[in-house]
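The values are calculated or read from the model by the stated rules, or taken from the named source; none is laboratory data. Only a predicted model underlies this, so the values are computations on that prediction, with no experimental measurement involved. Backbone-built Cβ (ideal geometry, glycine too); neighbour counts: all protein chains shown.
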Amino acid sequence: MSQRPKVHTPKLLYGYVCTSQDCALALVHAGPAVECIPIAEKRSNAMVARILESKLKQGKKAEYMKAVQHEILPLLREQAGFLEILSFFPEHTKEDRVFSISLWAMKADAEYSEHELNSKVDEVLNPYLDAPAKVSPYTVEGSLFQFFADTLAA
């Protein structure tokens, strides 16, 4: 796996993509800093999501989550632009599908990491899956994300 140089990851704060390392402080105390660009004006670098849909083997939920938490998440955290991963399991225990959503600051970060990590992710997760996982790309709409960001900030 090639090493990508570490750079400051743009942050999504209050509907802005912030490229300055100190923009969070600027947003809290003085509104958007010069380096913070409203999401609508920065569509080419909009936050993106990758949705991984998997079909788990019977009784493998706990092992799957342990693998995600202890093997996949540390790999993702090393990647420029990675923000978070969320896993969703059905409320009905008879269902075997799981959705994992990874959030990325920019499309280029997600694409680079997919290219670099796909084989490792497959290697780690395949023992818990009945079928190969399917990955679908999405763009995160900032206007819909605003309430979530505000709630987390409160």
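May I ask you to verify whether residue 112 is within 13 Å of residue 52 (Cβ to Cβ) and either exposed (fewer than 15 other Cβ atoms within 10 Å of the Cβ) or not aliphatic (A, V, I, L, M) (or both)?
Against the criterion (within 13 Å of residue 52 (Cβ to Cβ) and either exposed (fewer than 15 other Cβ atoms within 10 Å of the Cβ) or not aliphatic (A, V, I, L, M) (or both)), residue 112 does not qualify.
So, in the range 77-108, exactly how many residues are in contact (Cβ under 8 Å) with a residue 60 or more places away in the chain, of a type outside the set (A, V, I, L, M, F, W, C) and at negative phi?
2
Could you tell me whether residue 54 is surrounded by 18 or more Cβ atoms within 10 Å (Cβ to Cβ) and modelled with pLDDT of 90 or more?
So residue 54 passes the test.
Tell me, which residue of the range 132-154 that is surrounded by 12 or more Cβ atoms within 10 Å (Cβ to Cβ) and among the hydrophobic types (A, V, I, L, M, F, W, C) is modelled with the lowest pLDDT?
145
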